[in-house]
Amino acid sequence: MNRSKFYIDAGTTWSKILEITPAQERKYSVYPTSEARKFNFEYEKMTGHTTDKTAKNYENEVVALAHGAKKYLEDNFIALDLGSRDIKWVKYKNSKFCDMDWNSSCAAATGATIEMLLKFYDVRVEELEFNKEKYPVTCGIFGLEKIMDDVSGGLEPKIAISKFIHGIAYNAYNFTKNPDKICISGGFCENKCFIDSLKNYCEVLPLGRFVLVDGLALQG
């Protein structure tokens, strides 16, 4: 009997799910990971931090990113994925994989830190605007300390968070070895302040939140 096929990128905070129906219709959805865990879907393939990595259908996130990016892009590109708690990128040259890196050790470069700050200071992401100044956020603790010090000194929280995001964008640019163009995957595609900050250094192409699940589906 024909049935839908499900693919999941289960992040620390958010899970992205792709359903391909028997009619080959593609349905994309995003759920809090705590909610997605309650689903009884039989996944064809899965990736992410909170999946069962002993399952036969588990795929490494960088591999999923590489396959998914190829769906959207031409022969030469750098695709960068910023998740809730890590940052990773892949590079293709002449249609062949040639470089990559992955950092999950510094929370300064992750979406979870931004979500925490927005909630703590009661700021909506839509309120954030590009700020030409930036915090040096190589160390997440130091970055948070700067925000709290400046807010205590009278700086508007949305301005402080925008400077923090600019620092994240600058780190992402350096982490990918200063390319002319970066293709962005993940939730930061929907963060205009981040995209505008990164555009200060290179051309930016947002790919959306579903690159990894597309990569899983392309592999079967």
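Listed conditions (1) of a type in the set (V, I, T); (2) in a helix (DSSP H, G or I); (3) touching a Ser or Thr at 6+ places or on another chain (Cβ under 8 Å) are all met by I182, apart from (2).
Restricting attention to region 145-162, and to residues there that are assigned to a helix (DSSP H, G or I), open to solvent by 60 Å² or more (accessible area, probe 1.4 Å) and of a type in the set (D, E, K, R), which single residue is nearest to L118 (Cα to Cα)? Residue satisfying both the conditions and the ranking: K158. Within region 76-125, if we keep just the residues that are in a helix (DSSP H, G or I) and among the hydroxyl-bearing types (S, T, Y), the residue that is modelled with the highest pLDDT turns out to be Y121.
Among the residues of region 171-185, those that are open to solvent by 60 Å² or more (accessible area, probe 1.4 Å) and within 15 Å of N103 (Cβ to Cβ) comprise N174, K177. Take I114 and decide whether it is touching a Leu at 6+ places or on another chain (Cβ under 7 Å) and open to solvent by less than 60 Å² (accessible area, probe 1.4 Å). Spelling it out, it is not the case that I114 is touching a Leu at 6+ places or on another chain (Cβ under 7 Å) and open to solvent by less than 60 Å² (accessible area, probe 1.4 Å). Among the residues of region 186-216, write down those that are open to solvent by 20 Å² or more (accessible area, probe 1.4 Å), in contact with a Phe, Trp or Tyr (Cβ under 6 Å, 6 or more places away or on another chain) and either in a helix (DSSP H, G or I) or hydroxyl-bearing (S, T, Y) (or both). Once the filter is applied, which keeps residues that are open to solvent by 20 Å² or more (accessible area, probe 1.4 Å), in contact with a Phe, Trp or Tyr (Cβ under 6 Å, 6 or more places away or on another chain) and either in a helix (DSSP H, G or I) or hydroxyl-bearing (S, T, Y) (or both), region 186-216 yields D196, Y201.
Quick one: what pairs do we get from region 165-188, first residue acidic (D, E), second surrounded by fewer than 19 Cβ atoms within 10 Å (Cβ to Cβ) and modelled with pLDDT of 95 or more, C-beta under 6 Å, 6+ apart or different chains? That search, which allows pairs on different chains as well, returns D180/C202.
The values are calculated or read from the model by the stated rules, or taken from the named source; none is laboratory data. This one's a predicted model, so the numbers in the text were calculated from it and none came from an experiment. Ideal geometry is used to build each Cβ from the backbone, glycine not excepted, and the neighbour counts take in all protein chains shown. SASA here: full protein model, heavy atoms, side chains in, ligands and nucleic acids out. Shrake-Rupley method; radii C 1.70, N 1.55, O 1.52, S 1.80 Å.
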